[in-house]
Amino acid sequence: MGVIQFLRSASRRHRVHFATSTSTSKSTSTGMNQTVRLANRKDHEHGVHVFSIRRGPLPCERNSPEAAPRGIYYIKVPKTNSTHWQDIAKRIAGKYGKKCFLFDQHAQVSDELHLQNREKHRSLLFTFLREPRDWNLARYFHHYVAAHKRIPNPMDMKRFVSHNGNEQSRYIRLTPWEDEEDSNKSQSQSRAVAIAKEILRDYDFIGLVEEPELSLVVFRLLFGLEARDILYVPSALAGTITYLRLNGTCVPTGPQFVYPDVDDFMHSDEWIRANEIDLALYKEIRKSLEATIDHVLGRDTFEAALAEHKRLMAAVVSKCLFSVNYRCSANGHWNVHFDCNQMGCGHDCIQSSLALTN
């Protein structure tokens, strides 16, 4: 099998699927009462975590060094399409004016933010994660290939993805790893699932990069947002240009792929043991999103909101995809004039596209 054919096969093999049936939820008074009860619970009866509906307005408050953390915290995990989720966080916070504290930067939570004691009813903590194998490959092409202008090769790729493990879990976990077994050591499957569920319980929401529409619509319904609040402008240059944050430069990047030998290694017992927490967390998030739709929001409510989101996003993409300038140009240069501000990238274009849909 050639490399290209293999990659296409691997892509199909790794693709995430969610149920989309609208027949599993019925709008009855009994069902609504059950939904209200479940909305205040953290775990469904089968042990699956469900995200809770936020009652009342979003916690847009000023933060204070003397008080427990308050406000909106978006943990910007590298190589998770994080600029899009950051844009949404900016627009949500921007609706409330300067009084709203927003943290929306890259940060390893346990080392830099100390959110273990946050006031949960006065704060919102969320992030997005990526399928662990794809995330490791994205980091390889960004940090190793593009940043140093290297040519990919299977030996270096395998060495890179072998380094450490459970990196996404370590990045977002509130509890310092030193308080538990070292995050690089192999965990039992039950221990890995327990840590994954602990992380889920500490967050108000975690979405998946592979399912942006589903994740964003669940996010919107949980926190009482408007349909326009979760819109963003995809980059027409995605996958061709990468921004190097450390030196503020833009460099071209080729398509992401995986060598067959490296793919085999990333499905081996050795790699799986080294990344058991990340793999368990990703699986638990998938289950949590589905359980939240079926047992908290209601499938019919979700499907209606999803259809609205797709319609509005189609209008945004049609008008804004090639007209919004991001920091990096098509030839890899820094755009002196780019369409990003305190309300995110492409905000004005999104507003004008919405006017056309009314």
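The values are calculated or read from the model by the stated rules, or taken from the named source; none is laboratory data. These numbers were taken from a predicted model, which means no experiment stands behind them. Because the Cβ atoms are built from the backbone with ideal geometry, glycine has one as well, and the counts that use them run over all protein chains shown. Each accessible area value is taken on the protein alone, full model and side chains, heavy atoms only, with ligands, DNA and RNA left out. Shrake-Rupley method; radii C 1.70, N 1.55, O 1.52, S 1.80 Å.
Tabulated results
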read-out	value
Candidate set: segment 83-100, residues that are open to solvent by 60 Å² or more (accessible area, probe 1.4 Å) and part of a helix (DSSP H, G or I); chosen: the one nearest to L58 (Cα to Cα)	K99
Scope segment 101-115; condition open to solvent by 20 Å² or more (accessible area, probe 1.4 Å) and of a type outside the set (S, T, N, Q); matching residues	F101, L102, F103, H106, D111, E112, L113, H114
Subset of segment 210-224 (residues that are of a type in the set (A, V, I, L, M) and open to solvent by less than 20 Å² (accessible area, probe 1.4 Å))	L214, L216, V217, V218, L222
In segment 47-82, the residues that are in a loop (DSSP other than H, G, I, E, B) and of a type in the set (V, I, T)	V48, V50, I53, V77, T80
Flag for S64 being touching a residue at least 40 places away in the same chain (Cβ under 8 Å) and hydroxyl-bearing (S, T, Y)	no
Pick from segment 259-286, criterion among the β-branched types (V, I, T) and farther than 18 Å from H49 by Cβ, ranking: most open to solvent (accessible area, probe 1.4 Å)	I272
Residue check for H148: at pLDDT below 90, of a type outside the set (F, W, Y), over 15 Å from the mean Cα position of the chain (by Cα) and in a helix (DSSP H, G or I)	no
From R201, R220, residue being in contact with a strand residue (DSSP E or B) (Cβ under 8 Å, 6 or more places away or on another chain), in a helix (DSSP H, G or I) and in contact (Cβ under 8 Å) with a residue 40 or more places away in the chain	R201
Scan of segment 296-329 for residues that are open to solvent by less than 40 Å² (accessible area, probe 1.4 Å), part of a helix (DSSP H, G or I), within 17 Å of S235 (Cα to Cα) and small (G, A, S), ordered by number	A315
Some residue of segment 242-260 being part of a helix (DSSP H, G or I) and modelled with pLDDT of 95 or more	yes
Tabulated pairs, segment 117-140, first touching a residue at least 40 places away in the same chain (Cβ under 8 Å) and under 23 Å from N63 (Cα atoms), second of a type in the set (G, A, S) and open to solvent by 10 Å² or more (accessible area, probe 1.4 Å), C-beta under 6 angstrom, 6+ apart or interchain	N117/A68; R118/A68; E119/A68
